[in-house]
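Step one of this worksheet: look at the structure below.
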Amino acid sequence: MIALTKIKSTLKEYFGYDQFRPLQEEIIQSIFEGNDNLVIMPTGGGKSICFQLPAILLDGITIVISPLIALMKDQVDGLTTNGISAAYINSSQTELEQQEIYTKIAANEIKLLYSAPESLSYLEHIFTNQKISLIAIDEAHCISSWGHDFRPAYTNLGYLKKRFPTIPVIALTATADKATREDIANQLNIPNATQHIASFDRKNLKLEVRPANDRITQIINFIDERPNESGIIYCLSRKATETVAEKLQASNINAMAYHAGINHDIRSQIQEDFINDTCQVICATIAFGMGIDKSNVRWVIHYNLPKNIEGYYQEIGRAGRDGLPSNTVLFHSYADVIQLQKFAQNSGNVEVQLAKLDRMKEYADALSCRRKILLSYFGELIREDCGNCDVCKNPPQFFDGTIIAQKALSAVARLEGQEPIGTVIDVLRGAQNNTIFDKGYQHVKTYGIAKDISWLDWKQYMTQLINLGYLEIAFHENNKLKLTEFAKDVLFHGKKVDLANLVEAKKIQEKQTVKTPKASKNSLFERLRQLRLSIARDEEVPAYQIFNDATLKEMENVRPMSDEEFIQISGVGKRKLENYGYQFIKEIIAFTKEKEKKPKRKGETTKKTYELYQQGLSIAEIAQVRKLAETTIFSHISKLYDEGKDIDLMRFIDKNDLQSIREAKETLGNPDTLKAYFEHFEEAIPYSTIRVGLTILGKED
Ligand code: ADP
Ligand code: ZN
C-alpha cells in the first residue's frame, strides 16, 4: 500500500497542486487497493489525475485507451511538461516512430502509453512482454449504444479484463445516466467495479435560456459586454458556424468558424489561436472542444438547441474549468426542435433519441430552477433552488391567462388544425400577408382578436400552451398545430390557465447585465501571458500546458521572486519550477522594478490622493473617487508618509494589528515579502494593513 503522504507529495511534485478535488483521492486509493473503478465526473472535474498519478507510482506501464488522436497528443504533451514520461501509439505514426517508442517501453522508460481502441493490435507484444500496472479507459461511454457518441471499436475492450483479470481497470466518463453506467461496467467485464459518482453541479456556470429571436444581435451585444473573454458558440450545422462567424467578423469581433469540413491544417491553426487567446470566439459544430483543455473559456453559447442533455452539459462544461464564474446561454427555437426530430427519426435508435430530445426540450422550456432539472437528469437531487440560473434570478410572474388560452385554442380549432404556429399567430394578430389572403383567413372568426399581444409574446404563450399539454405540434404533418383532448376543458368547461409573463422578465434581465472590467494591457498578468505564449511557441505545446490562467493570476497577485516562493504557487510542480521558474521570476522582478521607476506619473497620482486625504476623505472614499483599488491608495498614503507629509497613519490601522506586525517582524526575522507576514497571520490581516504597519515600523527603527 502506498502512503497518503507519498500520494500527496506526488500531486505537488508532478502536477503542482496542493489539494485533491472531490473524489480524486479516494479513487486513487481504490486503485492502489487493486479494485476496478468506474468514475463518473463532469467535464472539467479532474478525471485525468485519477489514473495519471497512480501510473507514476505503480510498477510497470499504464495503458490508456482514448478515442481521439488530438486528445492523446494533448495529454502526452501535458504529461511531458510535468516531467512524466508518456507516449502514444496510433496509425498516424511511421513504423520508425513506433519502433522508437517500443524501444523506450522495453527499457521501462515510459509510465503511460495512450492508444485508440482501434489500435489495440499495436499493443500485443507490449501485453506479452511488459508488466502492465493499470488499464485506464477514458470516455468510456463510447462503449455504449445508449450513450451519445457510440464507437464500435470500444466494444472490443471487454477483452482487456479477460486477458488481465488481476490488473485494475479504471473507466472514466462524464456521462452519467444509469443505463449507460451499467452498460459500461458489463461490457468492460468489470461488474464489481467501485463506482465513484462526483457531483455534477458546476456552481460557477450560470445557466440561461433565451428565445431564439434575432440571435446575432443578442450575441453581438453579449460579446461587446465582454471584450476580452474567450467563448465558444455551438451551432447545429457547418453552414451556420460560417454564417455566424462572418456576421460577427463584420461587427469587428475576432471570430472564426470551425467544423470537420475545414482543411485539417487550418483547423489546427484556428484551435491553436483560440487556445492562445489570439482568436476570441469560435463558432463550431460539436466537433470542437473534445480535445482541448483551455481553462479560461469564459462563456459558451448554444446557437441551436442541442440534441440531448449529455451533449449540452458536456459542451457548457467547457466553460470555466478554472472554477471562475462563467456564462452559458442557450437559444431555444421550435425550428430546431423540428430539425432535431428529423435527425432522430433517421438515427439507429429512434425512440431513445426522441426521448432524450424531449428531456432537452423540457429543460429549455423550464419555468423552475434549471439546475435542479439538469442535475436530476444525472440522478442528483438538490434541495434549494440554485440562484445562478435565469429562472432563479427572474422567477416568472404567473397571471390568469385563461382568455389568452381560449383565444389561441379557438383559433387553432377554427383553422381545423391545418396550420403551423406562425400562421395561427398571424390570424390572431390580424396580419395582412399573402398566406392569410390566399387562404381567405381574414374571414375566420378569430381573425385579429388579439392584436394587442406582440408576435414574440404570442410565441411564448403558444410554447407554454404546448408544454401545458393543450396544444401539440404534428411533426409528421408539416408541423401543424393541433388541439389535444385537454383543450376541451379550456374551451368548453372554463378551466383556468396560468401563464408566465416571460417577456417582461426578459426585459428586466437584460437591464441587469453587468459589465466586467477590461483587463489592462499593461498588467503583469498580460506580461506573463505573453511570456507563456513565447515559451509555448518554442516548445510547440499549447500555452495552457505551460501554466493555466489561474496559476498566472496567482503569480500576479503574489509576485513570487524566489524559487521557494515560486513553488508555493498552485500549478507549479518540480519540473515546471526547473524549466520555467527562472524566466517567470525574472519577468516578475523586471515588471516590479519598472513600476517603481516611473516616479513622475506616480508623483502626480500620489499628489491627487494627498489632496483628497487633506479634504478628509477616507481610504475607501478616495479609492472610489479615483477609481483605484484601496490597496493602491494605501500604497500612496504610505509613500506620502515616507516623504514626511503630514499623514496620520494610525488612522488606518488597529493598535492590536500594529502590535502583531511588530512581533511578527521580530519572529520572522524581518522578511522581504508581505506574503511571509500574510501567511504568518493565516490571512487574518490583509496585505494593505501589513503594508501600513511596516511603514510605521520603518520609521520606528
Ligand atoms: P476532465 O478530464 O474531468 O474534464 P481534467 O482532468 O482535464 O478534467 O482536469 C480539468 C482541469 O482541472 C485541468 O486543468 C487540471 O489540471 C485541473 N485539475 C485537476 N485536478 C486538480 C486539482 N486537484 N487541483 C487543481 N486543479 C486540478
Ligand atoms: Zn436555478
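The values are calculated or read from the model by the stated rules, or taken from the named source; none is laboratory data. This structure is a prediction, so every number in the text was calculated from the model and none was measured. In this analysis, Cβ positions are derived from the backbone assuming ideal geometry, glycine residues included, and neighbour counts consider all displayed protein chains. The area values use the complete protein model at the heavy-atom level, side chains included, leaving out ligands, DNA and RNA. Shrake-Rupley method; radii C 1.70, N 1.55, O 1.52, S 1.80 Å.
Some notes on this structure:
- Residue within the range 511-522 that is modelled with pLDDT under 90, among the small types (Gly, Ala, Ser) and on the phi < 0 side of the Ramachandran plot present: yes
- Counting the residues of the range 319-342 that are within 16 Å of CYS235 (Cβ to Cβ) and assigned to a loop (DSSP other than H, G, I, E, B) gives 1.
- Within the range 608-628, considering residues that are among the basic types (Lys, Arg) and touching a helix residue (DSSP H, G or I) at 6+ places or on another chain (Cβ under 9 Å), the one modelled with the highest pLDDT: LYS608
- Scanning the range 109-150 for residues being assigned to a helix (DSSP H, G or I), open to solvent by less than 20 Å² (accessible area, probe 1.4 Å) and among the aliphatic types (A, V, I, L, M) gives a total of 4.
- Some residue of the range 75-96 being within 12 Å of ligand 1 (Cβ to nearest atom), at pLDDT 95 or above and of a type in the set (Val, Ile, Thr): no
- Filtered residues of the range 547-565 (kept if without any contact (Cβ under 8 Å) to a residue 60 or more places away in the chain, under 21 Å from PRO325 (Cβ atoms) and among the acidic types (Asp, Glu)): GLU554, GLU556
- Qualifying residue in the range 670-679 (condition: free of Cβ contacts under 8 Å to residues at least 24 places away in the same chain, open to solvent by less than 70 Å² (accessible area, probe 1.4 Å) and outside any helix (DSSP H, G or I)): yes
- The set of residues in the range 322-332 being aliphatic (A, V, I, L, M) and open to solvent by less than 70 Å² (accessible area, probe 1.4 Å) consists of VAL329, LEU330.
- Only one of ALA185, ALA171, ALA193, ALA179 that is under 30 Å from SER368 (Cβ atoms), among the aliphatic types (A, V, I, L, M) and either modelled with pLDDT of 95 or more or assigned by TED's automatic domain parsing to the domain that holds TYR154 (or both): ALA179
- Answer from THR631, THR667 - the residue that is touching a helix residue (DSSP H, G or I) at 6+ places or on another chain (Cβ under 9 Å) and either open to solvent by less than 40 Å² (accessible area, probe 1.4 Å) or closer than 21 Å to LYS595 by Cβ (or both): THR631
- Checked against (1) out of contact with any Pro (no Cβ under 8 Å at 6 or more places or on another chain); (2) open to solvent by less than 10 Å² (accessible area, probe 1.4 Å); (3) closer than 23 Å to GLN314 by Cβ; (4) not hydrophobic (A, V, I, L, M, F, W, C), ASN90 passes all but condition (3).
- In the range 1-96, counting only helices (runs of 4 or more DSSP H) that sit wholly within it, the ones holding 3 or more residues that are more than 21 Å from LEU188 (Cα to Cα) and among the β-branched types (Val, Ile, Thr) span 4-10, 69-81.
- Condition met for LEU415 (within 16 Å of ligand 2 (Cβ to nearest atom), touching a strand residue (DSSP E or B) at 6+ places or on another chain (Cβ under 9 Å) and farther than 27 Å from LEU324 by Cβ): no
- Under the condition of being touching a Lys or Arg at 6+ places or on another chain (Cβ under 8 Å) and free of Cβ contacts under 8 Å to residues at least 60 places away in the same chain, the residues counted in the range 21-48 number 1.
- Yes/no for GLN341 being touching a residue at least 24 places away in the same chain (Cβ under 8 Å), away from ligand 2 (no atom under 16 Å from the Cβ), open to solvent by 10 Å² or more (accessible area, probe 1.4 Å) and touching a Leu at 6+ places or on another chain (Cβ under 8 Å): yes
- Of all residues in the range 415-426, those that are at positive phi have Cβ atoms under 7 Å from Cβ atoms of residues that are charged (D, E, K, R) and open to solvent by 20 Å² or more (accessible area, probe 1.4 Å), 6 or more apart or on another chain, in GLY417/LYS480; GLY417/LYS482.
- Taking (1) at pLDDT 95 or above; (2) away from ligand 1 (no atom under 16 Å from the Cβ) in turn, ILE232 satisfies each apart from (2).
- Filter result (more than 24 Å from the chain's Cα centre (by Cα) and within 15 Å of ligand 1 (Cβ to nearest atom)) within the range 24-61: GLU26, ILE28, GLN29, ASN37, PRO54, ALA55, ILE56
- The residues listed here are ALA240, ALA257, ALA250, ALA335; of these, the one that is within 22 Å of ASP214 (Cβ to Cβ) and buried (at least 21 other Cβ atoms within 10 Å of the Cβ) is ALA257.
- Among the residues of this structure, ILE373 counts as one that is β-branched (Val, Ile, Thr), within 16 Å of ligand 2 (Cβ to nearest atom) and closer than 27 Å to ASP489 by Cβ.
- Among the residues of this structure, TYR258 does not count as one that is within 12 Å of the chain's Cα centre (by Cα) and of a type in the set (Phe, Trp, Tyr).
Yes/no per residue for (1) touching a residue at least 40 places away in the same chain (Cβ under 8 Å); (2) closer than 20 Å to PHE32 by Cα; (3) open to solvent by less than 20 Å² (accessible area, probe 1.4 Å):
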position	(1), (2), (3)
ASN156	no, no, no
LYS161	yes, yes, no
THR166	yes, yes, no
ILE170	yes, yes, yes
THR180	no, no, yes
